[in-house]
Amino acid sequence: SSGINAEYGDTQCSKDSKMFLSFLVSSFVLLELSTCLKVGILHMHGLDERFDVPDHRSFKKYIEEQSNLPVHLIDAFNGRLPSLTPLEEQVPQILEKVKVIAAQYDKVIAVGYSQGGVIWRGMIEAWDDHNVDTFISIASPQHGIAGPPPLLKKMVPFIDNFSRTPTFYLFVYSPVGQKLAPLNYYLDPYHYERYLKHANFFPRLNNEKGTDEEKARQKANFLKLRKLVLVGGPDEDALRPRESAQFGFYTERGNRDNEVIPMEETQFYKEDLFGLKSLNERGGVVMCTVAGLTHTQFRDDKTVMDKCVLSAVEDTIG
C-alpha cells in the first residue's frame with residue numbers, strides 16, 4: 001500500500017512539475033508578447049487650425065519623450081476653410097489616412113482635440129474591426145453645441161439673443177448651414193425635431209436616427225473601445241455648454257434657461273443610444289477635469305498631458 005502511495009505521489013509530483021514548467025513558459029511567452037505589442041498615438045486637430053501648429057508639436061514632443069511612443073499628428077483638412085468642410089465628408093477621407101497609419105500598430109490611442117474629437121468618434125463608429133484601444137477626447141463638443149461660445153458673447157453681447165431667433169436656427173438647420181462643419185454638431189434641444197429632420201451627421205453619429213443595422217454596427221464599433229477619457233474644465237470658453245466635453249448638455253429648453261444636466265441624465269446615456277452607458281458601466285469612461293484653462297490652452301497644457309493623457313497611455317500599455 002505504501003508503495004502504491006509513493007508511486008502515486010511520484011506521478012503527481014511529475015505532473016505538477018510539468019504543469020509548473022508549462023505555466024512558466026506560458027508566462028514568459030505572454031510577457032514577451034505584451035512587451036512586443038506596438039502602440040501608436042494618433043492625434044486629430046480641431047477647427048480653424050493646422051495639424052502642425054506649435055501647440056500640437058509641443059504635445060507630440062512631450063508625450064513622445066515621456067511615453068517612448070510615437071505620436072502621429074494627422075495631416076488633413078488644415079486651416080480655416082478646409083476644416084469647415086462638412087464632417088460627413090471629412091470623416092471617411094481622414095479615416096482612409098488613419099487606417100494606413102494604424103496598420104503599423106497592434107493598438108492605437110486616439111486623441112482628438114476640439115472638433116477633432118467629434119471626427120475621431122465618427123471614425124471609430126464607422127470603422128469595423130478597428131484597433132483603437134483608448135480614445136482621449138480633449139475639449140471636444142461630444143454632446144454638440146447650442147448657442148454662441150462664451151468668448152464670442154463677451155465680444156458681441158447681442159449674439160446670444162440672436163442665436164434664439166428664427167433667422168438663426170432656420171439657417172443652422174438649412175442645406176447651406178449644414179455645409180459648415182461646426183453647425184453639423186449644433187444641437188438645439190428647443191428645436192429638436194428640426195435638428196432631427198435637417199441635420200444629418202450628428203443625429204446619425206449619436207444613433208438618434210438611421211436604420212437598425214446602422215445603429216447596431218456603430219454601437220458595436222464604439223463598444224470595441226476599452227477606455228474613453230473625457231477631458232474638460234470649468235473655464236472652457238469656446239464650447240457651449242462647456243459640459244459637452246464630458247457628455248453633459250442642456251435640458252430641453254437649451255440655452256434659454258442654461259440649465260445643464262450631467263452625462264448620466266442625458267438621452268444619449270439613459271437610452272444607451274451608441275453605447276455610452278454600457279461603456280461606463282463596465283468602467284470604461286474616465287472623466288478628467290482640469291480647471292483654469294481656456295479652450296486653446298487644453299492643447300498642450302502640462303497638467304492635461306500628465307493627468308489625463310499620460311495616465312491613459314500608461315493604462316493602455318500596462
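The values are calculated or read from the model by the stated rules, or taken from the named source; none is laboratory data. Every value quoted in this text rests on a predicted model; they were computed, and no experiment measured them. Every residue, glycine among them, receives a Cβ derived from its backbone with ideal geometry; neighbour counts consider all protein chains shown. SASA here: full protein model, heavy atoms, side chains in, ligands and nucleic acids out. Shrake-Rupley method; radii C 1.70, N 1.55, O 1.52, S 1.80 Å.
Which condition number in (1) over 16 Å from the mean Cα position of the chain (by Cα); (2) exposed (fewer than 15 other Cβ atoms within 10 Å of the Cβ) is the one that GLY283 fails?
Condition not satisfied by GLY283: (1).
Is it true that LEU223 is without any contact (Cβ under 8 Å) to a residue 60 or more places away in the chain, under 18 Å from the mean Cα position of the chain (by Cα) and more than 28 Å from THR294 (Cα to Cα)?
Against the criterion (without any contact (Cβ under 8 Å) to a residue 60 or more places away in the chain, under 18 Å from the mean Cα position of the chain (by Cα) and more than 28 Å from THR294 (Cα to Cα)), LEU223 qualifies.
Can you confirm whether segment 205-212 contains a residue that is within 19 Å of PRO92 (Cβ to Cβ) and part of a helix (DSSP H, G or I)?
yes
Search segment 216-249 for residues being crowded, with 20+ Cβ neighbours inside 10 Å, charged (D, E, K, R) and touching a strand residue (DSSP E or B) at 6+ places or on another chain (Cβ under 6 Å), and hand back the single one that is nearest to TYR185 (Cα to Cα).
ARG240
Report the residue count in segment 65-124 for those that are among the aromatic types (Phe, Trp, Tyr), closer than 23 Å to LYS219 by Cα and open to solvent by 20 Å² or more (accessible area, probe 1.4 Å).
0
Looking at segment 176-193, I want the residues that are part of a strand (DSSP E or B) and have a partner that is open to solvent by 20 Å² or more (accessible area, probe 1.4 Å) and not hydroxyl-bearing (Ser, Thr, Tyr) with Cβ atoms under 7 Å, at least 6 apart or on another chain. Which pairs are those?
Close Cβ pairs satisfying both conditions: TYR186/ILE145.
Answer yes if at least one residue in segment 251-259 is open to solvent by less than 40 Å² (accessible area, probe 1.4 Å), under 17 Å from PRO189 (Cβ atoms) and without any contact (Cβ under 8 Å) to a residue 60 or more places away in the chain, and no otherwise.
no
Can you tell me how many residues in segment 298-318 are among the basic types (Lys, Arg) and open to solvent by less than 50 Å² (accessible area, probe 1.4 Å)?
Residues that pass the stated criteria total 1.
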